[in-house]
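Here, each number is a calculation from the coordinates, and none is a lab measurement. This is a predicted model, so every value here is computed, not measured. Quick reminder, even Gly has a Cβ in these numbers, built from the backbone with ideal geometry, and neighbours come from all protein chains shown.
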Amino acid sequence: MNCCKCNRTMSEVKGMIPIEPKGTPNRKWVCTDCANIVQKQTIDKDTRNLCNTIAGEKIF
């Protein structure tokens, strides 16, 4: 899985957000560094809090 904007892999970034619906062939993802505000707001509150806790900082 690579970011569709910067092409970094999951191991190179703090998180990835799907930008296409589940089940889409070759689904596109964006890393939290490249994601815009609207894309970041699509993540539910509990998932966002868990990711921020794991990262030890507010990543989105």
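I'm trying to understand the selection: among the residues of region 1-48, which are of a type in the set (A, V, I, L, M, F, W, C) and either loosely packed, with under 15 Cβ neighbours inside 10 Å or part of a loop (DSSP other than H, G, I, E, B) (or both)? Working first, answer last.
In the first step, residues of region 1-48 are kept if they are of a type in the set (A, V, I, L, M, F, W, C); the result is 1, 3-4, 6, 10, 13, 16-17, 19, 29-31, 34-35, 37-38, 43.
Of everything in region 1-48, those that are of a type in the set (A, V, I, L, M, F, W, C) and either loosely packed, with under 15 Cβ neighbours inside 10 Å or part of a loop (DSSP other than H, G, I, E, B) (or both) turn out to be Met1, Cys4, Cys6, Met10, Val13, Ile19, Cys34, Ala35, Ile37, Val38, Ile43.
Starting from region 28-57, keep only residues that are touching a residue at least 24 places away in the same chain (Cβ under 8 Å) and over 19 Å from Arg8 (Cα atoms), then list their pairs with residues that are surrounded by 13 or more Cβ atoms within 10 Å (Cβ to Cβ) and of a type in the set (Phe, Trp, Tyr) whose Cβ atoms are within a distance under 8 Å, requiring at least 6 positions of separation or different chains. Filtered contacts from region 28-57: Ile43/Phe60.
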